[in-house]
Amino acid sequence: TSSQQRSLSRALHQPRPSSSSACPSIVQLTKGRSEKGAVSPVHNMDSMDSMMSIDTYEATRARQLNLPDKVQWNAEYAFRDSPYRHLHHQQGLIGNVEVKLLEAADLKRSYWSALALGPVKLLGLSKAHGKVSSYVEMKLKSVSPKPLNSGARRDGYAEEVNEHDNRKALPIQARSPVVPSNDNPVWHNCDYRLELRKGSMKDGSRVILELQCFEDSTATENLVSGMPLVMPSVEDRLLGTGEVDVTGLMLGEEDGQSHAGVLDVWIPIYKVHGAAGETGRVRCILTYKPYGMEPRENDLVAFEAFSRRSLSTCTCQPILPPLGPMKVLQMRGSNLLIEYMMKNGMKATMKLHRNAIFVIERTSLVDGAVNLALTPADAILSTEWGQHTSRAVTPIIEAAGDLIMPAILSARILFGAVRTAGMAGLTGLQAATHAVVAHSHHEHQNRQQRYEHRRV
């Protein structure tokens, strides 16, 4: 029934204690022996989340809906003990990595085709001869951190020997046009926007831009592609793969940047990743633009996935709570002075870059007026008499709501019918007016023509 649904909704929206009282101050990483005798952790990310996060409405809803940002709820920061109203305003989009493809240099092919040998190449059935006809495909990758007890370095990221085992790639997001017969191609007006979406990476992952340079093929090659020892496959036409870490660019770090927020880089490409010997270089200009509401003073913000530390790789308690809310105190350009709550209940401040956070709550003048108007009611309901009255009146209000619900639904249907009729009437009036104006214009043109004819 509707009364049961409202009771369940109130139970879900019931606020919980803050993280300082509900979460343990130190997480004990328990280790056990596997069947082969090696030391391995017995915990997983779900148990870690249950230990480090609190069972609030937002966290429960995020787990049930598989939402990526399980931000902790804090009664001191929330507006009137309600969930964060702008937590999902980005609609799953973190930001955009904007790539301007400029040029490539010293491209080399490392395959051959039977259609490009001897006099056969004069038929134009293959492009695998002469200078390279190339294009570039681009996508984003994330390198997720590994637990320290699984062979990772002390910074929490995988060693190079097993780094590829922990990568998550998105589909191809952009492809450039083909520049024919040029080992040093130049692209003009090739600007691409690669979306970085929530849920595509784990906490603390590094974001990698991957470029794959291919040689173009003819229709004949595509038709007979992959014939053993005769025709090259798509993998064979890969000239090389290159990668660049854009995490620093996204976090606002200025190392290696010609201008703030702009990275001009030559990316070496290799036929096999990590192998010796370059097969060319590709030059790009990279920028990053976060998506969502621009933070203001007194806003509540939280870390994006790439900027918060993974709890499974921490050797000690993080200084900044990865999933805790923070309040913006001041803004200076792209930098924010934020206030956060420590585990001991004290508050501290730190400077962060705007790209590292997103807005989860913002109060307006209307919210302030509503809060001021409801303050006397809150004071009355907090007394014993107010609580007793509230418990006595609540069932009556729910029963009255059930009684008037049919009338409310009927009123909504009637309003919808009136609105539809009104829109239909306006549409008909607009069509009739247009017809009358068109007819008047036509008659005026006819009279003008008859007048001109009489004068002649």
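If a residue must be closer than 17 Å to residue 98 by Cα and surrounded by fewer than 16 Cβ atoms within 10 Å (Cβ to Cβ), how many such residues does region 289-302 contain? Matching residues across region 289-302 total 1.
Do you know which of the residues in region 191-216 that are under 15 Å from the mean Cα position of the chain (by Cα) and of a type in the set (D, E, K, R) is surrounded by the fewest Cβ atoms within 10 Å (Cβ to Cβ)? That would be 193. Residues in region 322-357 that are in a strand (DSSP E or B), closer than 25 Å to residue 82 by Cα and within 19 Å of the chain's Cα centre (by Cα): 357 alone. Is it the case that some residue within region 91-100 is at pLDDT 65 or above, over 23 Å from residue 293 (Cβ atoms) and crowded, with 19+ Cβ neighbours inside 10 Å? Yes, because at least one residue in region 91-100 is at pLDDT 65 or above, over 23 Å from residue 293 (Cβ atoms) and crowded, with 19+ Cβ neighbours inside 10 Å.
Restricting to region 217-258, and then to whatever is part of a strand (DSSP E or B) and either modelled with pLDDT under 90 or touching a Gly at 6+ places or on another chain (Cβ under 8 Å) (or both), can you tell me which residue is most open to solvent (accessible area, probe 1.4 Å)? Spell out how you get there, then give the answer.
Looking only at region 217-258, we keep the residues that are part of a strand (DSSP E or B), and these are 238-245.
Then keep just the ones that are either modelled with pLDDT under 90 or touching a Gly at 6+ places or on another chain (Cβ under 8 Å) (or both); that gives 238-240.
Details: 238: 26, 239: 2, 240: 0 Å².
My answer is 238.
Does residue 286 qualify as being over 19 Å from residue 140 (Cα atoms), surrounded by 21 or more Cβ atoms within 10 Å (Cβ to Cβ), of a type in the set (A, V, I, L, M, F, W, C) and touching a residue at least 40 places away in the same chain (Cβ under 8 Å)? Considered against the rule, which asks whether it is over 19 Å from residue 140 (Cα atoms), surrounded by 21 or more Cβ atoms within 10 Å (Cβ to Cβ), of a type in the set (A, V, I, L, M, F, W, C) and touching a residue at least 40 places away in the same chain (Cβ under 8 Å), residue 286 comes out as no. Which of the residues spanning region 303-321 are part of a helix (DSSP H, G or I) and either in contact with a strand residue (DSSP E or B) (Cβ under 6 Å, 6 or more places away or on another chain) or open to solvent by 60 Å² or more (accessible area, probe 1.4 Å) (or both)? Selection gives 306 alone. Of the residues making up region 348-364, those that are within 26 Å of residue 305 (Cβ to Cβ) and open to solvent by 60 Å² or more (accessible area, probe 1.4 Å) number 4.
Out of curiosity, is residue 366 closer than 30 Å to residue 86 by Cα and in a helix (DSSP H, G or I)?
Numbers: closer than 30 Å to residue 86 by Cα: yes; in a helix (DSSP H, G or I): yes.
The answer is yes for residue 366.
Each row is one residue, and each column tells you yes or no for (1) under 30 Å from residue 81 (Cβ atoms); (2) surrounded by 10 or more Cβ atoms within 10 Å (Cβ to Cβ); (3) of a type in the set (Phe, Trp, Tyr); (4) at pLDDT below 85.
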residue	(1), (2), (3), (4)
377	yes, yes, no, yes
382	yes, no, no, yes
396	yes, no, no, yes
444	no, yes, no, yes
452	no, no, no, yes
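Residues in region 365-374 include none that are open to solvent by 70 Å² or more (accessible area, probe 1.4 Å) and over 41 Å from the mean Cα position of the chain (by Cα).
Report yes if residue 345 is in contact with a helix residue (DSSP H, G or I) (Cβ under 6 Å, 6 or more places away or on another chain) and open to solvent by less than 60 Å² (accessible area, probe 1.4 Å), otherwise no. Yes.
Quick one: in region 354-369, which of the residues that are in contact (Cβ under 8 Å) with a residue 40 or more places away in the chain and among the polar types (S, T, N, Q) is nearest to residue 249 (Cα to Cα)? First the steps, then the outcome.
Just the residues of region 354-369 that are in contact (Cβ under 8 Å) with a residue 40 or more places away in the chain, to begin with: 354-363, 367.
Right, trim to among the polar types (S, T, N, Q) and you get 355, 363.
Details: 355: 9, 363: 31 Å.
The extreme case among them is 355.
Give region 185-201 a look and list any residue that's more than 22 Å from residue 107 (Cβ to Cβ) and either touching a strand residue (DSSP E or B) at 6+ places or on another chain (Cβ under 7 Å) or among the acidic types (Asp, Glu) (or both), or say none. Walk me through it before giving the result.
The initial filter retains those residues of region 185-201 that are more than 22 Å from residue 107 (Cβ to Cβ), namely 193-201.
Across region 185-201, the qualifying residues are 193, 194, 195, 196, 197, 198, 200, 201.
The values are calculated or read from the model by the stated rules, or taken from the named source; none is laboratory data. From a predicted model like this one, the values you see are computed outputs, not experimental measurements. Positions of Cβ are generated from backbone atoms using ideal geometry, with glycine treated the same way; all protein chains shown enter the neighbour counts. These area figures cover heavy atoms from the full protein model, side chains too; ligands, DNA and RNA do not enter into them. Shrake-Rupley method; radii C 1.70, N 1.55, O 1.52, S 1.80 Å.
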